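The values are calculated or read from the model by the stated rules, or taken from the named source; none is laboratory data. Predicted model only: the values in this text are computed from it and were never measured. Here Cβ is always computed from backbone atoms with ideal geometry, including for glycine, and neighbour counts include all displayed protein chains. Remember, those area values only see protein heavy atoms, side chains included, never the ligands or the DNA or RNA. Shrake-Rupley method; radii C 1.70, N 1.55, O 1.52, S 1.80 Å.
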Amino acid sequence: MDDKQQTNGAENPEKLTGLKKGRIKKNAAGIPAVVNSLQQVFSEAGVIRGSKALLKLNQKDGFDCPSCAWPDPDDERSGLGEYCENGAKAVAEEATAKKLEADFFAVHSVDSLAALSDFEIGRKGRIAQPMYLPKGATHYQPITWEAAFNKIATHLNALSSPDEAIFYTSGRTSNEAAFLYQLFVRAYGTNNLPDCSNMCHESSGTALNETLGIGKGSVTLDDFYKAEVVIVMGQNPGTNHPRMLSALQKAKANGCTIISVNPLPETGLMGFSHPQTMKGLLQINTALTDIFLQVKINGDLALLQAIEYFLLQEEKNQPGKVFDQHFIYEHTQDYISFIEHIDKLNLEQLSSASGISIEQIQEVAAVLKDKNKIIVCWAMGLTQHKNAVVTIQEIVNLLLLKGSIGKPGAGTCPVRGHSNVQGDRTMGIFERPSKAFLDSIERNFHFKPPQAHGYDTVEAINAMHQKKVSVFFAMGGNFLSATPDTLYTAAALRNCKLTVQVSTKLNRSHLVHGEEALILPCLGRSDKDRLNGEDQFVSCENSMGVVQASKGMLVPVSRQLMSEPAIVCYLAKATFSSSKVNWDKYLQHYDHIRNDIEKTIPGFDQYNERIRIPGGFYLPNANRQGKFSTASEKAHFTISTVEEIKLAADELLMMTIRSHDQFNTTIYGLDDRYRGIYNERRVVLMNQADMNERNINDGDIVDIYNHTGGIERVAHTFIVVAYPIPAKCAATYFPETNVLVPVSSVADKSNTPVSKGVIITLKKQS
Ligand code: SF4
């Protein structure tokens with residue numbers, strides 16, 4: 001039975017919801033963002049509960065936003081509200097008063113729930129008690145926590161090897177929970193710790209580690225206010241990191257030039273009305289982008305090389321005036337071979353491959369020529385391509401030429417999309433842990449952790465599909481909807497004997513499951529977490545490497561919810577008849593967890609003291625001091641070649657994107673108001689000329705095909721929307737079109753699914 005036959009429940013129903021179209025917005029946020037935020041929060045949580053949560057969101061004595069990982073100001077936090085519209089929506093999701101108890105699951109079968117859209121499923125409410133789906137059953141049924149832990153333990157201890165189990169992590173998991181989770185998994189005996197970072201910034205970590213010696217960005221929020229130029233590449237901050245717009249506005253006010261590089265003219269890049277300013281309230285917007293470069297999908301590498309080519313010609317004319325030769329001499333290696341490579345490049349070819357005119361490229365080079373306080377920001381638009389790692393290394397090349405690393409107002413800025421995805425990696429959630437980390441575990445916990453590397457996300461899907469895995473455990477997230485090749489991944493999950501999801505809300509991964517399935521409902525970031533009569537706090541690390549406390553204060557919707565750290569401890573106690581790790585002490589107070597983190601992971605000295613300082617503390621970052629922890633202690637120039645993706649006449653290159661009413665796989669609503677799309681998610685954004693060539697009109701309904709590896713993948717029933725997107729490029733929302741993303745199509749070196757470069761064809765429905 002091949003994957004195609006197993007569609008039931010794995011995909012959103014192909015039903016249309018009634019597209020309404022409007023203008024593409026010129027400015028982001030403003031009054032509409034305030035109205036939308038309050039509507040979502042008050043309709044889900046009520047005015048009192050909702051207001052309580054918003055007043056504490058991102059405050060120094062409050063809780064950290066469970067959405068993206070954009071940093072909070074080090075100094076004053078806005079008393080009016082230190083959050084954006086999407087932060088408010090994320091809180092509405094968690095703080096909702098709606099809850100799902102046994103009676104709900106008794107009425108609603110798995111199949112009936114799977115026939116709903118992700119939006120409808122997500123709106124059902126918080127899961128209020130542990131639920132179990134026996135083999136062959138159609139409905140989840142209640143189970144006690146103890147029975148649930150024993151069931152998982154029985155399955156785990158029955159495996160012939162710990163490598164027949166996979167332990168996935170989503171980026172919402174706190175430092176404390178992530179540290180205990182990896183400790184449990186390694187004590188159990190495997191490094192099968194795939195995480196959502198494998199699908200998002202893995203390419204950044206790989207690229208930066210190789211060239212600069214650390215897998216994290218080097219800038220702080222303050223650097224934005226000192227920058228001369230900020231380049232935003234492959235990122236849509238207006239929707240995915242909205243408070244970044246405030247930083248760009250402030251940078252602009254300080255004289256900074258903003259250059260945006262994106263296939264789509266994203267509203268948040270163009271204009272911003274800050275709702276906490278009079279101008280913003282009067283809808284007077286601040287134009288952000290000075291130069292907009294509408295690259296072709298995956299045209300970024302060619303663009304960067306073309307800019308470097310022009311800068312090199314300028315440097316030749318004025319030696320040492322354009323390139324920071326002192327920095328290059330002192331801190332880098334391989335400069336000569338790199339320059340020889342750039343000098344031989346063909347500008348016309350680079351211009352054509354990027355989709356940007358030579359005039360525009362020259363204009364950018366002219367801006368950069370005498371600047372060195374340059375920040376480059378990026379996100380999935382760069383990381384989810386086959387050549388992602390070399391493209392990000394080309395950004396590093398540009399910054400090294402200008403000496404723009406390790407000084408105020410300059411550096412690298414991969415903007416993380418999930419609140420603690422960076423923290424989880426720092427805590428050891430990684431399938432390829434370093435020897436130093438494993439030695440530290442052995443030294444501090446007196447057991448020998450597994451040495452062999454484990455599965456990353458794509459390898460985990462393949463292993464489950466090949467029936468090498470029996471138990472799949474997910475700490476948060478929505479694995480099925482977040483991953484590529486939906487039908488293949490669904491079949492993989494269904495091959496497991498047991499699937500376990502630690503979740504706050506219902507999602508599609510609960511409905512596509514192993515022979516048996518468990519849902520373990522956990523506390524959310526905004527929930528009060530009381531232990532031994534004391535409210536506990538956890539900690540998270542944002543994109544700039546700031547670790548800060550997060551303390552929930554809402555009364556949980558159910559007394560049967562458990563915190564993630566407690567879930568790990570009780571699971572360990574059920575699984576291990578004896579253990580070198582004292583799991584009970586962690587159930588006394590989270591300070592014990594932090595003490596062990598301090599002992600095990602560099603940079604967390606006096607963790608419990610420093611985490612109690614309002615606003616938290618910065619982790620060490622050598623790049624920030626202009627130092628490079630590479631073998632040579634020098635930053636590396638790298639040489640790469642642009643390989644344009646060849647498309648047949650009927651083919652387009654598709655990228656999956658988020659709508660404005662979406663955070664990862666969580667669908668807050670059916671609108672994408674910045675792009676003028678309302679009440680519909682099954683849309684495909686197309687270039688008018690491509691439509692004309694295919695005799696397709698705006699509003700036509702098409703099926704979308706991918707044939708990578710000789711396998712036909714199809715996503716049915718999408719409405720064509722004419723949109724200002726470059727020719728031969730198209731865009732659709734995920735997870736609806738993840739079914740088209742081949743699991744075999746991954747980025748070199750990082751193995752990240754190529755969700756931004758999917759070759760498609762279209763067939764008009766008759
Ligand atoms: S910018 Fe990101 S972290 Fe900040 S409130 Fe918005 S969604 Fe949350």
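Summary of computed values
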| quantity | calculated |
| --- | --- |
| Within region 526-546, considering residues that are within 15 Å of the ligand (Cβ to nearest atom) and touching an Asp or Glu at 6+ places or on another chain (Cβ under 6 Å), the one nearest to R243 (Cα to Cα) | C540 |
| Hits in region 475-523 (condition: of a type outside the set (D, E), open to solvent by 10 Å² or more (accessible area, probe 1.4 Å) and farther than 27 Å from S419 by Cβ) | L487, Y488, A491, R494, N495, K497 |
| Candidate set: region 317-341, residues that are touching a residue at least 24 places away in the same chain (Cβ under 8 Å) and aromatic (F, W, Y); chosen: the one nearest to L368 (Cα to Cα) | F323 |
| Residue selected from region 692-723 under the condition part of a loop (DSSP other than H, G, I, E, B) and on the phi > 0 side of the Ramachandran plot, by the criterion surrounded by the most Cβ atoms within 10 Å (Cβ to Cβ) | G699 |
| Pairs with Cβ under 6 Å, 6+ apart, first in region 161-188 and free of Cβ contacts under 8 Å to residues at least 24 places away in the same chain, second crowded, with 24+ Cβ neighbours inside 10 Å | V185/F167; V185/L193 |
| 1 or more residues open to solvent by less than 10 Å² (accessible area, probe 1.4 Å) and of a type in the set (S, T, N, Q): qualifying helices (runs of 4 or more DSSP H) within region 76-183 | 85-95 |
| Residue check, E442 free of Cβ contacts under 8 Å to residues at least 24 places away in the same chain and either of a type in the set (A, V, I, L, M, F, W, C) or open to solvent by 20 Å² or more (accessible area, probe 1.4 Å) (or both) | yes |
| Odd one out for T656 among (1) part of a loop (DSSP other than H, G, I, E, B); (2) among the polar types (S, T, N, Q); (3) within 23 Å of the chain's Cα centre (by Cα) | (1) |
| Test: residue in region 95-117 that is within 16 Å of the ligand (Cβ to nearest atom) and touching a residue at least 24 places away in the same chain (Cβ under 8 Å) | yes |
| Test result for S470, in the same structural domain as L248 (by TED's automatic domain parsing) and hydroxyl-bearing (S, T, Y) | no |
| Residue satisfying condition, being assigned to a strand (DSSP E or B) and among the aliphatic types (A, V, I, L, M), within set I258, I284 | I258 |
| Search result, residues across region 33-56 that are farther than 22 Å from R673 by Cβ and either within 12 Å of the ligand (Cβ to nearest atom) or touching a Leu at 6+ places or on another chain (Cβ under 7 Å) (or both) | R49, K52, A53 |
| Qualifying residue in region 198-211 (condition: more than 16 Å from the ligand (Cβ to nearest atom), of a type in the set (A, V, I, L, M), open to solvent by less than 10 Å² (accessible area, probe 1.4 Å) and farther than 30 Å from A572 by Cα) | yes |
| Among residues of region 212-223, those that are part of a helix (DSSP H, G or I) and surrounded by 24 or more Cβ atoms within 10 Å (Cβ to Cβ), counted | 1 |
| Search result, residues across region 67-83 that are in contact with a strand residue (DSSP E or B) (Cβ under 9 Å, 6 or more places away or on another chain), within 21 Å of K216 (Cβ to Cβ) and not acidic (D, E) | S67, C68, A69, P71 |
| Which listed residue, of T656, T630, T665, is within 16 Å of the ligand (Cβ to nearest atom) and not assigned by TED's automatic domain parsing to the domain that holds T504 | T665 |
| Residues that are within 16 Å of the ligand (Cβ to nearest atom) and open to solvent by 20 Å² or more (accessible area, probe 1.4 Å), drawn from region 410-437 | H418 |
| Qualifying residues in region 242-258 (those that are open to solvent by less than 10 Å² (accessible area, probe 1.4 Å) and within 23 Å of the chain's Cα centre (by Cα)) - the one farthest from the ligand (Cβ to nearest atom) | L248 |
| Of residues in region 63-79 being among the small types (G, A, S) and at pLDDT below 95, the one nearest to the ligand (Cβ to nearest atom) | S78 |
| Verdict on T239 being assigned to a helix (DSSP H, G or I) and β-branched (V, I, T) | yes |
| Members of region 184-197 that are crowded, with 24+ Cβ neighbours inside 10 Å and either part of a helix (DSSP H, G or I) or among the hydroxyl-bearing types (S, T, Y) (or both) | V185, R186, C196, S197 |
| Criterion violated by E82 - all others in (1) among the acidic types (D, E); (2) more than 10 Å from the ligand (Cβ to nearest atom); (3) in contact (Cβ under 8 Å) with a residue 12 or more places away in the chain satisfied | (2) |
| Verdict on F472 being open to solvent by 10 Å² or more (accessible area, probe 1.4 Å), of a type in the set (F, W, Y) and closer than 24 Å to T504 by Cα | no |
| Residue list for region 547-562, restricted to those being open to solvent by 10 Å² or more (accessible area, probe 1.4 Å), closer than 19 Å to T173 by Cβ and of a type in the set (A, V, I, L, M) | A549, L561, M562 |
| Qualifying residue in region 495-506 (condition: within 19 Å of the chain's Cα centre (by Cα), of a type in the set (S, T, Y) and within 24 Å of E712 (Cβ to Cβ)) | no |
| Residue among E94, E82, E101, E14 that alone is closer than 22 Å to P275 by Cα and of a type in the set (D, E) | E82 |
| Members of region 18-37 found to be open to solvent by less than 60 Å² (accessible area, probe 1.4 Å) and part of a loop (DSSP other than H, G, I, E, B), listed by number | G18, L19, G22, I24, K25, N27 |
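A quick yes/no check of all residues on (1) surrounded by fewer than 24 Cβ atoms within 10 Å (Cβ to Cβ); (2) within 16 Å of the ligand (Cβ to nearest atom):
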| site | (1), (2) |
| --- | --- |
| N240 | no, yes |
| P275 | yes, yes |
| Q283 | yes, no |
| L301 | no, no |
| A306 | no, no |
